[in-house]
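Structure, as structure tokens:
We did not get these values from a lab; they are worked out from the coordinates using the rules stated. Quick caveat, the model's predicted, so the values are computed rather than measured. Note: ideal-geometry Cβ built from the backbone for every residue, glycine included; neighbour counts use all protein chains shown.
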Amino acid sequence: MRDNFDNRLFKMAKREQMLLPGELEEEINESLRRLTAKGTANGITGSRSAAGKRGSTAKGTVRDRKKKPMNFRRSLILAAALAALFSITAVASAGALKQRMEAMNKEKLEEYFAQIHSSFMGADNYNRSYTDGERERMDKLRISYEEQGLFPEGELTMLDEAEDYKGKNVAFFKKTSTFFFPEKEMSDEELLQIIDFYAKREYSLQKVNEMIAEGEADFPKEAKPTVPDKVTDSSVLDSSAVFQPEQALTIAYTGDLSLQAVAAGKDCILLAGRNTIHRMEIGSGDSVLFYDGFEENTLITAMCQDGEGNVYAGLRKEISEESWEVWLAVIDKNGSLLREIDMSDVIGGKEGRGHIRQMMADEGYLYLRGMGFYDADFLLIIDKEGNTVSKMTSGKYFADWIYGMCIGKDGKPYTVVSDESHRFGIAAINPEKGTLEEVYPAIVPEDTISLDLIGPGYDADFVLWGYSGSFSFNRNESAAVQVTPVYEMPCPAEGSLRLLLPDGRFVFAHCAEYRSYTMKNGDEGHERIPEKTYFYYLPGIRTP
């Protein structure tokens with residue numbers, strides 16, 4: 001029997017999850033056999049002789065001394081072997097991880113690859129956050145996974161529908177790249193399954209791309225975007241259901257614009273293609289020309305409409321292959337151009353890289369947000385003639401160029417804000433002073449990803465949307481209520497154009513297929529194919 005020292009060494013090896021290569025294991029065993037044979041041939045006389053020289057000893061003591069030299073030598077060999085194993089464990093484990101990845105067949109590789117490309121979302125989502133304990137254990141388990149070959153016994157459960165999750169174990173909903181965690185603390189096995197999933201997905205993405213580039217595989221059909229399963233029947237569009245705030249719709253676009261921007265009008269949806277603005281009735285799939293008198297190679301980056309029906313459009317006019325000017329166009333409700341205002345002195349400069357990304361209007365002012373705004377990283381406020389009223393810069397609160405803004409039910413302008421801990425809230429804007437008022441900080445969970453849309457809600461003061469889903473908020477509440485989690489989105493959010501209707505409904509314009517074209521500078525560009533474009537209406541009410 002092995003003594004306690006042997007046992008401790010073997011327990012150490014087991015605890016370290018060492019991978020013992022077959023050749024090394026056989027070499028160690030052969031060394032032990034040779035040592036045993038040598039010890040037997042010598043009769044283990046060394047200890048007896050030593051005992052005799054030291055004088056007479058009790059038999060029990062002699063037996064102990066006969067045993068120890070043999071076990072000590074055996075332990076030395078084991079210790080030496082373990083020392084060697086310590087030095088090669090990382091290499092062997094890395095090899096085991098490599099073998100694990102390479103063991104996936106083509107079908108499995110393409111399954112992971114397709115999941116990435118066909119997902120509605122551009123990032124992973126979760127039905128709940130990791131706990132602090134789970135994060136800490138996951139960091140340690142990831143090291144064991146990569147460096148010690150500690151792999152899970154099973155795999156994540158794949159869900160066909162989000163409602164298939166019953167609250168047990170960990171699962172993954174491919175359609176929206178959503179991980180479902182149980183309410184209780186996850187086990188090490190469950191965390192390892194997540195780590196293993198990440199590793200296989202990343203490897204598959206790299207491997208399948210290499211296979212496609214080398215002509216060894218075609219782009220998997222399953223990875224291509226698909227058209228929606230259901231499109232709203234035209235009879236619904238002719239009824240009052242179109243204007244019901246709880247009504248969800250999926251409408252095929254029948255117009256001819258390759259969409260570049262969308263915006264909510266007073267009672268319509270504004271659509272922009274290159275050089276052209278169309279108008280579309282709410283609930284319709286067809287659009288009609290509103291204005292197309294822009295110069296060639298004018299990119300329309302943002303739009304809004306004021307209470308009088310005038311439409312404002314942010315323009316990017318190309319002056320060379322790598323530079324452009326930023327302008328503001330004002331078009332009346334009948335589609336006649338009233339004026340164009342050169343904004344390059346405050347946005348981007350004559351050879352800058354600025355553009356207007358968001359716009360809104362109230363009775364007296366226009367509110368602009370985007371990139372390349374001089375001295376206004378938060379918001380630029382101008383009057384209807386283009387004169388600067390105030391510029392807002394970041395202070396205690398800041399706003400990224402993608403953060404949403406709106407005119408509230410009370411007629412005040414509001415914007416999404418973020419604090420130093422990156423928690424999202426909203427605040428009213430004082431346009432004359434260029435300051436924030438009535439700040440409502442940290443109203444959504446701390447793991448919320450951005451808030452791109454905000455507007456008046458049907459049954460609440462505000463509704464908001466970001467990559468974590470949609471929320472509803474009243475100013476007398478301390479926190480927003482989630483209306484639709486991201487994994488219940490009706491269409492992909494990544495790549496979609498989006499807007500918020502006056503009745504609190506979100507509208508997403510998503511294209512299932514793009515086509516290539518050659519740009520002026522010779523580069524390849526991509527544009528949405530109108531026939532593959534769909535509009536998805538998502539209710540924003542709390543109690544549908």
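Once the Cα-Cα distance is subtracted from the 0.36 nm per residue extended length, the Asp188 to Asp164 segment shows a gain of 6.3 nm.
Would you tally the net charge around Val444, using a Cβ to Cβ cut-off of less than 14 Å, leaving Val444 out, and scoring K and R as +1, D and E as -1? Walk me through the intermediate numbers first.
Numbers: positive: Arg423; negative: Asp419, Glu446, Asp447, Asp452, Glu477.
Here the charged neighbours net out to -4.
The residue among Phe294, Trp324, Cys406 whose Cα reaches farthest toward the positive pole of the charge dipole of segment 277-421, with charges on the beta-carbon of Lys, Arg, Asp and Glu, is Cys406. From most to least packed by mean Cβ count within 10 Å, the peptides 354-360, 398-404 give 354-360, 398-404.
Which pairs, out of Lys317/Lys384; Lys409/Lys532; Lys106/Lys166; Lys175/Lys230; Lys140/Lys175; Lys230/Lys266, put more than 26 Å between their alpha-carbon atoms? With Cα atoms farther than 26 Å apart: Lys409/Lys532; Lys106/Lys166; Lys140/Lys175; Lys230/Lys266.
Take the Cβ atoms of Glu102 and Asp375, set R0 to 60 Å, and the FRET efficiency comes out at 0.60.
Counting Lys and Arg as +1 and Asp and Glu as -1 over every other residue whose Cβ lies under 11 Å from the Cβ of Gly504, the net charge comes to -1. Cross-link pairs exceeding 25 Å in C-alpha to C-alpha distance, out of Lys108/Lys184; Lys174/Lys207; Lys412/Lys433; Lys184/Lys207, comprise Lys108/Lys184; Lys184/Lys207.
Highest mean packing first, where packing is the average number of other Cβ atoms within 10 Å per residue, the peptides 458-470, 440-452, 103-115 line up as 458-470, 440-452, 103-115. Computed from phi, the 3J(HN,Hα) profile of segment 250-261 under the Karplus parametrisation 6.51, -1.76, 1.60 (θ = phi - 60°) reads 10, 10, 6, 7, 10, x, 10, 8, 8, 5, 10, 7 Hz, with x in place of Gly and Pro.
For Tyr126, nonlocal amide neighbours, meaning residues 5 or more places apart or on other chains whose placed amide H falls under 5 Å from its own, are Phe179.
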